[in-house]
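Values quoted throughout were computed directly from the atomic coordinates according to the rules given, and no laboratory measurement underlies them. Being a predicted model, the structure only gives us computed values, none of them experimental. As a convention, Cβ positions derive from the backbone with ideal geometry for all residues, glycine included, and neighbour counts pool all protein chains shown.
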Amino acid sequence: MRRLHPSPAADLSDDDLAAAYALPPGRSVRVDFVTSLDGAVTVDGRSAGLGSPGDRRVFRVLRALADAVLVGHGTAAAEGYRPVAADSAVGRLRAALGRPGTAPVVVVSRRASLAPGDRLAVPSTVLVTCASADPGRRAALADAGVEVLVCGDDDVDLPLALDRLADRRLAQLVCEGGPALLTAALAAGVVDELDLTVSPALVGGESRLVTDALPGVVRPRLLQVLEEDGVLFTRYAVDR
Ligand SMILES: NC(=O)c1ccc[n+]([C@@H]2O[C@H](COP(=O)([O-])OP(=O)(O)OC[C@H]3O[C@@H](n4cnc5c(N)ncnc54)[C@H](OP(=O)(O)O)[C@@H]3O)[C@@H](O)[C@H]2O)c1
């Protein structure tokens, strides 16, 4: 993988990648997505059809640098999410960077859809939901050890959720989507960074990065472009 902008450089190591995506201390929400050239985020319902070895490397580095992984329930279900294990590639990279080997997965679900038997229904998981979610379901998840954060009445209040996560020392989050969560986060003005992998493919269809009109056009600022095998790895700042 090489850097095209700023200051071109070749053969980036994992340490170089970690430096390229390093964050200053303090709270942040960075969003990590892979899209096709025409903005599609899935092929046959999954992101894997757009992926590449380089995308998986960046995905691992962004997870390794984060305090927690933030994800919508739709993505967690579609992509078969599981807890971040210390003996995984991400866990080993985290340890090499001097960080705890595991990181919580924070699932956002208005309806508290996580099933008690789900792979994510374990004590390292945090569920962000709202008061209107079924109380029995919330209680069952809490019984399974999931930390259930009720943020908002009929809808999840994302700014409140981020405050409550920061109170738990989960200050730097990598948000892995999906489009519904990204759209809500952009509308709520809580996104600081967009790390978009652009895969050289045209897919068509309706699975888009942003699902609805936003209150205003968001104009991210380009910070960095990496490249490998024709795949672009962009890093944009989003001014709140
Ligand atoms: N290309 C990529 O990088 C990428 C990344 C992520 C996902 N994807 C793809 O995107 C698809 C899923 O899309 P999606 O838009 O359905 O994903 P999503 O945003 O992960 O899931 C939507 C669900 O998550 C919960 N949710 C999301 N935002 C919420 C909010 N602001 N407040 C409360 N609950 C919220 C709701 O769950 P409840 O219904 O339980 O309330 C909602 O139904 C999958 O096919 C996945 O493979 C692609």
Given the criteria within 13 Å of the ligand (Cβ to nearest atom), of a type in the set (Lys, Arg) and not in a loop (DSSP other than H, G, I, E, B), does Arg3 qualify? no
Identify the single condition in (1) within 26 Å of Ala48 (Cα to Cα); (2) within 12 Å of the ligand (Cβ to nearest atom); (3) part of a loop (DSSP other than H, G, I, E, B) that Leu120 does not satisfy, given that it satisfies every other one. (2)
Looking only at the range 197-208, filter to residues that are touching a residue at least 24 places away in the same chain (Cβ under 8 Å) and surrounded by fewer than 18 Cβ atoms within 10 Å (Cβ to Cβ); which one of those is nearest to the ligand (Cβ to nearest atom)? Arg208
Those residues of the range 154-186 which are outside any helix (DSSP H, G or I), surrounded by fewer than 18 Cβ atoms within 10 Å (Cβ to Cβ) and within 12 Å of the ligand (Cβ to nearest atom) amount to Asp154, Asp155, Asp157
In the range 143-153, which residues are in a helix (DSSP H, G or I) and surrounded by 13 or more Cβ atoms within 10 Å (Cβ to Cβ)? none
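For (1) of a type in the set (Asp, Glu); (2) in contact with a helix residue (DSSP H, G or I) (Cβ under 6 Å, 6 or more places away or on another chain), each residue gets a yes or a no:
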residue	(1), (2)
Asp163	yes, no
Arg169	no, no
Leu182	no, no
Glu193	yes, no
Thr197	no, yes
Ser207	no, no
Arg221	no, no
Residues (surrounded by fewer than 18 Cβ atoms within 10 Å (Cβ to Cβ) and more than 18 Å from Val150 (Cβ to Cβ)) located in the range 110-122: Ala115, Gly117, Arg119, Val122
Breaking point among (1) under 14 Å from the mean Cα position of the chain (by Cα); (2) free of Cβ contacts under 8 Å to residues at least 40 places away in the same chain, for Leu65: (2)
